[in-house]
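Nothing in this text is a laboratory measurement; each read-out follows from the coordinates by a stated rule. All figures in this text were calculated on a predicted structure; none of them were measured in a lab. No Cβ is skipped: glycine too gets one built from the backbone with ideal geometry, and neighbour counts run over all protein chains shown.
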Amino acid sequence: VPDSGEITTLLAAVRRGDSDAESNLLSIVYSELYALARKQMRRERSDHTLQPTALLNETYLRLLRRQTVDWRDRAHFFAVAAGVMRRILVDHARQRGAGKRFSARQRVELDDVLVSAAPRMEQLLTLDQALTRLGEWDARQARVVEMMYFGGLTAEEVSSVLGVSERTIKRDWSAARAWLQTQLSGKPA
Amino acid sequence: MTPDRWRKVNEIFHAVLDRSDSPTEEFLRAECGDDPDLYSEIRQMLREHKQTGFLDEAAWPDPDSSFARVFADGEIVSERYRIVGLLGRGGMGEVYESEDLELHEPVALKALIPAIAGDARMIARFKQEIQLSRKISHPGVCRVFDLARHSAGGSGPNAIYFLTMELLRGETLSERLRREGRS
């Protein structure tokens, strides 16, 4: 686990717009979240519910324990982490592909807990592509979707993260959601 | 689509939604003027807006419930209760509908989830729950019958504690709150 001070420094650099710092932070958060998700999956059988917000919070606490973090850094952390959650899901969908068969043994692994939603995988890839396009027209709306859908944050949380009113976040979400659905519903489920 | 065009789509989309009770079709046509693509784009979005879809499901799946459950449907627990189905799940336990094969009556089974099943404090709390509920008899309180153990593949640490209770049908508190709103 990287040192908390290092993360704080990275976060400050991300806030200044340093893209190298952002990709460093991204890879740290990615491996941390991934390891954590794996660990959660290995726990007792009935504990297998993946709660994105719980995962994000735990990762946040692990990476930044005992550090007093500026709320704007906290906001950036959550924005970055929600993007990572998206990548984790989409990577799985891409690697595993839809319609593949899995043995009983494999199903116990984390990968396959995610894959238990196999029919959704193709739609997840469509969503990811559509979301990337949306981000080209309206970066904030795409981040709102990332945080709410992939990160499990509420509109209120996103509002405090982005420093925009909750009403605006809800409007962003409803328009983005409606358009993304039009992209999804054209595809066979 | 360009950022400008997308902004326009957003404006009209929200303008239509904000005019809750006036005729939308006419308004939408007027707003879109002689741009049929704009019209059909927003028309589709409005249709999706009214329907639930992919984005309303959790991105992180709650894995297949048969995989995570304590008991499987059809399983005979303690040589007496046949599991009919899972009714609900909380932080401590899962509640199943089952059939009492001795008395031929439906009962509810509440089992501690395996993650805490071996925790002595949780088992003590579980037992306390029965002792307390035996002292109360009220139509508003679910009756608890007994505590039993089911040994899954042997004895000792693999035993699963469960309660048998009156089977009550209906919604959960959170469903009720969601439906009626908190006051």
- Query: What ranking, highest mean first, results for peptides B:29-35, A:20-26 when packing means the other Cβ atoms within 10 Å averaged over each residue?
  - Reply: A:20-26, B:29-35
- At A:Ser4 and B:Ala159, where each label point lies 7 Å from the Cα along Cα→Cβ, what is the point-to-point distance in nanometres? 4.3
- Note on the structure: Residue separation between B:Ala15 and B:Ala120 times 0.36 nm, minus their alpha-carbon distance, gives in nm 31.9 nm
- Message: Taking amide H atoms as placed 1.01 Å from N in the peptide plane, list the residues 5 or more away in sequence, or in a different chain, whose amide H sits under 5 Å from that of B:Val107.
- Response: B:Ser98, B:Glu99, B:Asp100
